[in-house]
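So the structure is just underneath, and the comments pick up after that.
The values are calculated or read from the model by the stated rules, or taken from the named source; none is laboratory data. Keep in mind that what you see is a predicted model, and the values were worked out from it rather than measured. Note that each Cβ is placed from the backbone with ideal geometry, even for glycine, and that neighbours are counted across all protein chains shown. To get the accessible areas, we keep the full protein, side chains included, count just its heavy atoms, and leave off ligands, DNA and RNA. Shrake-Rupley method; radii C 1.70, N 1.55, O 1.52, S 1.80 Å.
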Amino acid sequence: MIGRLNHVAIAVPDLAAASATYRTILGAKVSEPVPMPAHGVTTVFVTLPNTKVELLHPLGDASPIAGFLAKNPSGGIHHVCYEVEDILAARDALKAAGLRVLGDGQPKIGAHDKPVLFLHPKDLHGTLVELEQA
Ligand code: CO
């Protein structure tokens, strides 16, 4: 069912410092910060040959990653994103297998203008998983 690893998302307390680390020290291709008010984050995209890393920083008062950074003040891996061909079919199959879909269960338009869903980390061995329709 799952396909390519679309991205690994890392929540960071200092977006400029994290961008500089990836650009200058790790030598990666790093975007400018992209504010995403609908998702409560500012994102920097790090493009690698085989996947992406997304550096996330809270935006606004009700950011979904604020609590994560409060618990992980140095930052940390927040979620991984796998591609699926048909997000509704994937959702229905995973729900039938007992996995919990976060929110209202309806796909939302994600950072790449494609439908995404999140799955409960307790059902996936401690990792928040995002599914994106490729
Ligand atoms: Co993501």
Checking LYS29, LYS52 in turn, the sole residue that is within 14 Å of the ligand (Cβ to nearest atom) and under 24 Å from ALA134 (Cβ atoms) turns out to be LYS52
Residue pairs qualifying under the 8 Å Cβ cut-off, at least six apart or on distinct chains, with the first in the stretch 58-83 being at pLDDT 95 or above and the second being within 11 Å of the ligand (Cβ to nearest atom) and polar (S, T, N, Q), are CYS81/ASN6; TYR82/ASN6; GLU83/ASN6
### GLU54 vs. criteria without any contact (Cβ under 8 Å) to a residue 60 or more places away in the chain and not hydroxyl-bearing (Ser, Thr, Tyr)
yes
In the stretch 40-83, anything open to solvent by 70 Å² or more (accessible area, probe 1.4 Å) and either closer than 12 Å to ALA111 by Cβ or small (Gly, Ala, Ser) (or both) is listed as ALA62, ALA70, SER74
Across the stretch 81-134, the tally of residues that are in a helix (DSSP H, G or I) and within 15 Å of the ligand (Cβ to nearest atom) stands at 3
Of the listed residues (VAL12, VAL46, VAL41), the one being closer than 20 Å to LEU119 by Cα, among the hydrophobic types (A, V, I, L, M, F, W, C) and within 14 Å of the chain's Cα centre (by Cα) is VAL41
Considering residues that are open to solvent by less than 40 Å² (accessible area, probe 1.4 Å) and in contact (Cβ under 8 Å) with a residue 24 or more places away in the chain, the number found within the stretch 84-106 is 6
When VAL41 is run through (1) without any contact (Cβ under 8 Å) to a residue 60 or more places away in the chain; (2) away from the ligand (no atom under 12 Å from the Cβ); (3) among the aliphatic types (A, V, I, L, M), the failure sits at (2)
When HIS120 is run through (1) open to solvent by 60 Å² or more (accessible area, probe 1.4 Å); (2) touching a residue at least 12 places away in the same chain (Cβ under 8 Å); (3) out of contact with any helix residue (DSSP H, G or I) (no Cβ under 8 Å at 6 or more places or on another chain), the failure sits at (1)
